[in-house]
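Each remark here refers to the structure printed beneath this line.
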Amino acid sequence: MDDSHGLAVAARGLGLKGPRGWAFRGVDVEAEPGSLIAVTGPSGSGRTCLLLALTGRMRPTEGTATVGGRRLPRQMGALRRVAALAHVPGVTDLDPALTVGEHLRERALLQRRFGDGLRALLRPRGERAATAARRVDAALAAAGLDLEALPKGPRTAVRDLERLEALRLEIALALIGRPALLGVDDADLKLPDAERAEMWALLRSLTEAGTTVVAVCSEAPEGAVTVTTGAHDPEPRDDDEKQAHDDDKEAAVDALAETGRS
């Protein structure tokens, strides 16, 4: 990535309308580089869509937004090059049949081929492999995932990971590209209190290292820049929380198809 530090995020009156109506509307954000931005709100209120909009994956319909000096929606492509996603259903899903090591090797290969530019491809194969190995090790360390502590080490299948381990793996995969902005969906979903605290400690450690983090969550941690969706949404919401949560994910997928994604 070309940004050595996190990205500032600023938005005024941001809204996104998809095939099912307004995913979110009237969102204001103001965050310095290296901030932890917590996106809260009722399930089904467009939290995932906002996450995708702020990382350049979905095109806002109204309002203004600037992320790291890149204006949305005009510079969505430039933003995608310095932003990464983790734990977004339908977008970054892990393959349960693959092992942890296979996921890491695949992501490192994709980064070498498509993320590092032509100059990197012209380097000797051994040098490229060594660079990729260092990146994977650094990403694992930053995500707090110890391969040797897994049941079968790097040969552990994704289906055998605990929930927090899987989240750490998804974050490590995203960090291989050294993003300046990281978006994490459902960061605290179904985590017990102790693991939730570990997850927030992990995301804070990333911000302390300079990465701006945008995390969708049920409850914002103390000190985070909090953004709430749903306050300007005139549509009634389903009383069933799981159904509303599922509707939000489906709306995000529909809106991605409508507005375009990388």
So who's got an amide H within less than 5 Å of the one on residue 18, skipping anything under 5 residues away but keeping other chains? H placed 1.01 Å off N, in plane. 23
Using Cα centres only, tell me the gap between segment 79-102 and segment 1-63 in whole Å. 19
How would segment 92-215 be classified by its alpha-carbon gyration tensor: rounded, prolate or oblate, with rounded meaning a/c under 1.5 and the a/b versus b/c comparison settling the rest? oblate
Measuring from the lowest to the highest alpha carbon on each principal axis, how far does segment 1-74 reach, largest first, in angstroms? 38, 25, 20
Å² of accessible area per residue within segment 1-52, as computed with a 1.4 Å probe and no ligands counted: 37
Excluding ligands, DNA and RNA, the carbon-plus-sulfur percentage of the accessible area of segment 167-228 with a 1.4 Å probe reads 47
What number comes out for accessible area per residue over segment 72-221 if the probe is 1.4 Å? Units Å², please. 50
What are the ³J(HN,Hα) values, in whole Hz, obtained from phi via the Karplus relation 6.51 cos²θ - 1.76 cosθ + 1.60 with θ = phi - 60°, for each residue of segment 73-83 in sequence order, with x given for Gly and Pro? x, 4, 10, 4, x, 5, 5, 4, 6, 10, 10
In segment 15-85, what percent of the accessible surface is made up of carbon and sulfur (1.4 Å probe, ligands and nucleic acids excluded)? 42
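The values are calculated or read from the model by the stated rules, or taken from the named source; none is laboratory data. Just so you know, these numbers come straight off a predicted model, no measurement behind them. Just the protein is used for accessible areas: all its heavy atoms, side chains included, with ligands, DNA and RNA removed. Shrake-Rupley method; radii C 1.70, N 1.55, O 1.52, S 1.80 Å.
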